[in-house]
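Trainee: Supplied in structure tokens, the structure appears directly below.
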Amino acid sequence: RSRSVQHKVRFFEVGGAVRDDLLRREGFDIPRGDRDWVVTGATPEWMFAHGFVSVGADFPVFLHPVTHEEYALARTERKTARGYHGFRFYASPEVTLEEDLRRRDLTINAMARDADGRLIDPCGGAADIKARVLRHVSGAFAEDPVRILRLARFAARLPEFSVADETMALARGMVASGEADALVPERVWKELSRGLCEKAPVRMIEVLEACGCWSRVLAGVAVGERAREALRRAALENAPLEVRAALVFAEARPSARRALEGLRAPAQTISTADLFARERQALLEARTQQQWAQVLKGCDVLRRPGRFAQVLDAVRLLEPSFDATRARSLAAAWSAVDAGAAARACPDPRGIAAAVDAARLAAIARLP
């Protein structure tokens, strides 16, 4: 008989959906997201035979033929080398749900529900939700440096939760042993960008600093208290990632651009942070029409108005007394000038650029 018929195939809802449901019951305002499933007793052949489509490159994950939700075969893992990819996964009908749950990072992420809605919680995640604690499932936490980043991200999502002392000690040990040095830039950015967009992004920075990971993976990026306060305000306003990243990387050495390029951040994020780092002081100090003309040119407001708007938001968040409304009015007046008409009115072709600039300068001068 084949192994696929020796075990009863069962489906369990796991991970974030289970966690978030319990958080909502505790009064947390958590939106409903995607559901993930673990399948026990099945083989890839069984999944294919029942219409599931394979999507997992590293381990067997499938899409449901109707709901398109992800179903992963229950699996265990073994550390074979340093870093995020240094694992060998073992998926088999013999792997139990409890074994699958015990390989997860935090207890609040190691819960499941069966078809009858019964909670399966071998690691005490429900109790840790009630106690408001982020705690690692087992010593295997130390085998994957990405889990430090995820710990910090969950601290940003759930700032009411403390990090268990033993979990912080484990994270510090991972940094001290060099395990965190194996983090690749793309994965650092993925977790960092998600954490920056959480409810309390400064909390993520604090957790990474507390375990020593921040200085290892973001050397040269110092986030001062002024920037942290701005980041807190950005979170309250639900500012986009580009604005939040600009605030975090403004003082990066040698530059915001170099730091974000090193993390393989998106081009728009890099461009906004770079412009904010270069022009924010000029924006704060601009008083005369000539100074504003230089700033508006330097910010390329004609071609990149959306980026300029994000930079203005970042400046305003950093310095609440900054008059962003006036800056927007000046930019609008500058951009509204009919450059073609100004060029046609210029008798000497060699003076067209100066004529257009003069028309734009006159436009902003007319503002009160």
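Trainee: Filter region 41-67 down to residues that are closer than 24 Å to E98 by Cα and open to solvent by 80 Å² or more (accessible area, probe 1.4 Å) and give me whichever is modelled with the highest pLDDT.
Mentor: So the residue we want is E45.
Trainee: Among the residues of region 334-368, what is the count of those that are among the hydrophobic types (A, V, I, L, M, F, W, C) and under 16 Å from R287 (Cα atoms)?
Mentor: The total comes to 7.
Trainee: Name the helices (runs of 4 or more DSSP H) wholly inside region 263-324 in which the number of residues that are surrounded by fewer than 19 Cβ atoms within 10 Å (Cβ to Cβ) and polar (S, T, N, Q) is 2 or more.
Mentor: Passing ranges, in order: 267-285, 289-298.
Residue by residue, here is whether (1) over 13 Å from the mean Cα position of the chain (by Cα); (2) farther than 16 Å from V243 by Cα; (3) buried (at least 17 other Cβ atoms within 10 Å of the Cβ); (4) without any contact (Cβ under 8 Å) to a residue 12 or more places away in the chain holds:
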position	(1), (2), (3), (4)
A176	yes, yes, no, no
S193	no, no, yes, no
C197	no, no, yes, no
V207	yes, yes, yes, no
A210	yes, yes, no, no
W214	yes, yes, yes, yes
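Trainee: Quick one: in region 216-246, which of the residues that are assigned to a helix (DSSP H, G or I) and either without any contact (Cβ under 8 Å) to a residue 12 or more places away in the chain or open to solvent by 40 Å² or more (accessible area, probe 1.4 Å) (or both) is nearest to E179 (Cα to Cα)?
Mentor: Filtering first and then ranking leaves R216.
Trainee: Restrict the check to region 140-147 and report whether at least one residue is closer than 21 Å to R232 by Cβ, under 14 Å from the mean Cα position of the chain (by Cα) and open to solvent by less than 20 Å² (accessible area, probe 1.4 Å).
Mentor: Taking every residue of region 140-147 in turn, none turns out to be closer than 21 Å to R232 by Cβ, under 14 Å from the mean Cα position of the chain (by Cα) and open to solvent by less than 20 Å² (accessible area, probe 1.4 Å).
Trainee: When you scan region 206-214, do you find a residue that is over 30 Å from A142 (Cβ atoms) and at pLDDT 95 or above, even just one?
Mentor: No - not one qualifying residue is present in region 206-214.
Trainee: Scan region 92-136 for residues that are among the hydroxyl-bearing types (S, T, Y) and either surrounded by fewer than 18 Cβ atoms within 10 Å (Cβ to Cβ) or over 25 Å from the mean Cα position of the chain (by Cα) (or both) and jot them down.
Mentor: S92, T96
Trainee: May I pose another question? In region 328-344, is there at least one residue being at pLDDT 95 or above, under 30 Å from the mean Cα position of the chain (by Cα), open to solvent by less than 30 Å² (accessible area, probe 1.4 Å) and under 29 Å from A239 (Cβ atoms)?
Mentor: no
Trainee: Still on this model: Please list, ordered by first then second residue, the pairs with beta carbon atoms under 8 Å, 6 or more apart or interchain, first in region 131-142 and more than 10 Å from D105 (Cα to Cα), second modelled with pLDDT under 95 and surrounded by fewer than 21 Cβ atoms within 10 Å (Cβ to Cβ).
Mentor: The qualifying pairs do not exist here.
The values are calculated or read from the model by the stated rules, or taken from the named source; none is laboratory data. Everything numeric here is computed off the predicted structure, so don't read it as measured data. Positions of Cβ are backbone-derived with ideal geometry, glycine not excepted, and every protein chain shown enters the neighbour counts. Keep in mind that these areas ignore ligands, DNA and RNA; they rest on the heavy atoms of the full protein, side chains included. Shrake-Rupley method; radii C 1.70, N 1.55, O 1.52, S 1.80 Å.
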